[in-house]
Amino acid sequence: MIETPAPAAARADAWTLAADAPLRARNSFGVDATAPWLLELHDGRALPQALALPQLRDRPLLVIGGGSNLLLAGDPPGAVLSLAARGVAVLSDDGDHAVVRAEAGMSWHDLVMWTLRQDLAGLENLALIPGTVGAAPIQNIGAYGCEAGERIAAVEAWDRQAGAPCRLAAAGCGFGYRDSVFKRQPDRWIVTAVEFVLPRRAQLRLDYAGIGEELAAMGIAAPGARDVAEAVIRIRRRKLPDPAAVGNAGSFFKNPLVPAAQALALQAEHPRLPVFPTGDEALRKLSAAWLIEACGWKGHRDGDAGVSAAHALVLVNHGRASGAQLLALARRIAASVQARFGIAIEPEPKLIGADWQDG
Ligand SMILES: Cc1cc2nc3c(=O)[nH]c(=O)nc-3n(C[C@H](O)[C@H](O)[C@H](O)COP(=O)(O)OP(=O)(O)OC[C@H]3O[C@@H](n4cnc5c(N)ncnc54)[C@H](O)[C@@H]3O)c2cc1C
């Protein structure tokens with residue numbers, strides 16, 4: 001007799017489901033919130049069965065990774081899903097490039113270091129970004145002149161609209177500056193794995209935000225990809241507050257994209273304002289950090305909600321600030337930038353329990 005394997009959902013270890021689950025340890029701001037239901041999925045094959053559970057079915061669903069790009073201004077209204085599978089493998093390798101597949105629950109930084117240990121380049125500038133692989137395509141994470149979308153070959157996801165798994169090639173992911181099709185349709189996609197195409201021979205990008213100087217300080221004249229990652233790690237450790245020490249979500253505001261004419265007019269008035277090209281002649285990117293610092297917010301503190309003294313873009317939780325208090329501070333900052341420069345700045349993290357436009 002042929003034995004039929006039990007469906008994954010029937011296995012006791014496929015998931016854990018908890019009611020009224022605290023989320024404080026699951027968001028890098030360290031604010032209090034409670035999930036009515038929290039499902040931790042250990043076996044990705046059981047996703048369809050997990051989504052059919054009465055606690056998840058027909059309810060709003062928040063997929064949570066490391067919680068490093070979230071502001072919980074209130075409790076999530078429905079269930080919270082955390083994907084725990086962390087597998088990683090080389091799918092193919094032609095000697096010039098390898099295709100690497102990593103599951104959504106893997107730590108992003110662990111993936112970067114894993115690829116470097118396989119002598120694969122391409123992700124070195126993105127070392128030490130907190131969070132998971134599954135979240136990387138959502139806002140197309142970027143740092144030090146690189147974006148994850150440049151290295152992504154395909155994204156594997158569950159399409160909640162179709163009720164089926166799918167695989168989107170990079171061209172279908174709509175990657176832009178801190179943007180993607182997954183971010184634009186947040187209730188549709190659950191990213192289950194990401195495939196990367198990575199070169200064996202590194203084409204290093206060293207000309208961004210002090211990488212060259214850091215390598216020189218490290219005494220490295222002919223760097224490889226691992227050296228670049230090490231330089232990026234050192235710079236980031238110096239510049240960005242560690243969420244384990246003080247709650248934060250990295251850069252809280254996106255750099256605003258504005259018409260080129262408006263950028264040039266502002267720069268004529270404020271010659272120190274940093275203005276960056278965007279690849280689109282009609283648009284320029286302004287430094288949100290500069291605009292916020294010019295309005296006097298750097299180091300500001302409202303109780304336990306504050307702005308980092310080291311980096312004007314980073315909102316910090318000095319202790320017991322609530323998500324609502326951090327949001328109120330963010331709104332005051334944005335209003336002052338709007339009033340002084342006529343520029344709308346918007347948050348980068350996903351807001352839960354509030355709508356930015358309602359402020
Ligand atoms: C100190 C610090 C530094 C940072 N530096 C950078 C930086 O340099 N560049 C940068 O781009 N970002 C940076 N960030 C932001 C953050 O690290 C990234 O956005 C990261 O990708 C978030 O990953 P996460 O797993 O924590 O996602 P979460 O915060 O858990 O979720 C973020 C969003 O993605 C969605 N999501 C998460 N996983 C999935 C999934 N599997 N399927 C579908 N949706 C999903 C969530 O619903 C939510 O909308 C920084 C944050 C911190 C705290």
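The values are calculated or read from the model by the stated rules, or taken from the named source; none is laboratory data. Here the structure is a predicted model, which is why all the values come from computation and not from measurement. Cβ atoms come from the backbone with ideal geometry, glycine included; neighbour counts cover every protein chain shown. SASA here: full protein model, heavy atoms, side chains in, ligands and nucleic acids out. Shrake-Rupley method; radii C 1.70, N 1.55, O 1.52, S 1.80 Å.
What to note about this one:
- Amide H contacts under 5 Å for residue 80: 37, 38, 39, 62, restricted to partners 5 or more places along the chain or on a different chain, H placed in the peptide plane at 1.01 Å from N.
- Taking all Cα pairs closer than 8 Å and separated by 6 or more residues, the relative contact order of the chain comes to 16 percent.
- Taking 230, 281, 195 in turn, the Gaussian network model of the chain (Cα-Cα springs below 10 Å) assigns the largest fluctuation to 281.
- Of all accessible heavy-atom area on the range 8-83, the percent that carbon and sulfur account for (1.4 Å): 53
- Ligands, DNA and RNA are left out, and with a 1.4 angstrom probe the accessible area of the chain is 47 Å² per residue.
- Residue by residue, the range 36-43 carries 3J(HN,Hα) couplings of x, 9, 10, 10, 9, 9, 8, 10 Hz when phi is fed to the Karplus relation 6.51 cos²θ - 1.76 cosθ + 1.60 (θ = phi - 60°); x denotes Gly or Pro.
- Farthest towards the positive end of the charge dipole of the chain, among the residues 265, 215, 354, is the Cα of 265, using unit charges on the Cβ of Lys, Arg, Asp and Glu.
- Each Cα pair of the range 33-182 feeds into the Kirkwood radius, which the Stokes-Einstein equation turns, at 20 °C and 1.002 mPa s, into a diffusion coefficient of 130 µm²/s.
- Under 5 Å from the amide H of residue 351 lie the amide H atoms of 71, each residue being 5 or more positions distant or on a separate chain, with H modelled from the backbone and absent for Pro and chain starts.
- Of all the options 318, 300, 270, the one that moves most in a Gaussian network model of the chain with Cα springs shorter than 10 angstrom is 270.
- Taking only the C-alpha atoms of the range 8-83, the Rg (one decimal) and the largest Cα-Cα distance, Dmax (whole number), read 12.2, 36 Å.
- Total charge dipole magnitude, the chain, about the Cα centre, Cβ charges on Lys, Arg, Asp, Glu only, Debye to nearest 20: 600
- Distance between the range 298-333 and the range 66-85 - C-alpha centres, whole angstrom: 20
- Mean projection of the Cα convex hull over all viewing directions, computed for the chain: 20.8 nm².
- Using θ = phi - 60° and Karplus 6.51 cos²θ - 1.76 cosθ + 1.60, couplings along the range 207-212 (whole Hz; Gly, Pro as x): 8, 10, 6, x, 5, x
- Amide H contacts of residue 98: 198, 200, each under 5 Å away and 5 or more positions distant or on a separate chain (H built 1.01 Å from N in the peptide plane; Pro and chain starts excluded).
- By definition, a body whose alpha carbon gyration tensor gives a ≥ b ≥ c is oblate when a/c is 1.5 or more and a/b is not larger than b/c, and the range 222-272 fits this oblate description.
- GNM top mover of 188, 59, 26 - the chain, alpha-carbon springs below 10 Å: 59
- Axial C-alpha extent at least 20 Å, average Kyte-Doolittle at least -0.5 - helices from the chain (DSSP): 323-341
- Whether the range 41-86 is rounded, prolate or oblate, judged on the alpha carbon gyration tensor where a/c under 1.5 counts as rounded: oblate
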